[in-house]
Amino acid sequence: MEPIKIRTWIMWALVLFVLGLLADLYFFHFLFKQKTPPGLTDEAVISGEANTNSTNGNGHKVADNSFISTDSNFENKESGVNNFLESLQKCAPEVAAQAIATPEAFIEYLRKSVGIQNEVVSLENYHITLPDGTKRRIHMVTSDQSNSADKTELRFFAVDAEGYPERLPLKGDETLESLLALGTTTRHEVRSQLFLKDNSILNLEQHDQKVFEFQYNNQGKVLSCRFSECRCP
């Protein structure tokens, strides 16, 4: 048999190399490429909610986890679905039997009838408008909730015309009352965790005294609701 020439070996090696590159391009850059939703740029996808970003010393936006659901056009919009009672009957039939019809009535029932053993407010936000029309945010953030000596930090933010927050320095002698006195409160948000006397646990977020969302762990059955749209797996 005639031996294969070196030139033929080189040619086949080059062909296999090119085929490998093409396969890589097809499988990894076409089949597995993540698509960006129409109308959104890569920057928009990465940043997520613009209103939950602050800025650092270099002017770059950085995440600030002390914001609560600031986008009233999206996160605070009710879906129109109301399956609260049906879900409550699945997760807590003993409570549903008390003719509880709304999330607000449910929270009131837990507070008064079951009783609160301990309540921890982890985050509290105030939206205020100054006399000149400019916007401010006041955040009360509680850290290390596992410690009996929880530390509450007061944070103050300015909000520009586009809704981007910028953290403002505090002198150190400010109080919540003194900052609230700077303007008119237009919105109040609270995120808390309630430990009930029957050993059940409620994670709750309220906006202007209205239940925005909650998760109620009733001895292993978890009822999750946003407004009146709920699920009980």
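Details
- Cβ-defined net charge surrounding residue 87, 14 Å radius [Lys, Arg +1; Asp, Glu -1]: +1
- Entry comment: accessible area of the stretch 99-226 is 54 Å² per residue, from protein heavy atoms only and a probe of 1.4 Å.
- Here the relative contact order of the stretch 96-233, from alpha carbon pairs under 8 Å that lie six or more residues apart, stands at 21 percent.
The values are calculated or read from the model by the stated rules, or taken from the named source; none is laboratory data. Keep in mind that what you see is a predicted model, and the values were worked out from it rather than measured. Quick reminder, even Gly has a Cβ in these numbers, built from the backbone with ideal geometry, and neighbours come from all protein chains shown. SASA here: full protein model, heavy atoms, side chains in, ligands and nucleic acids out. Shrake-Rupley method; radii C 1.70, N 1.55, O 1.52, S 1.80 Å.
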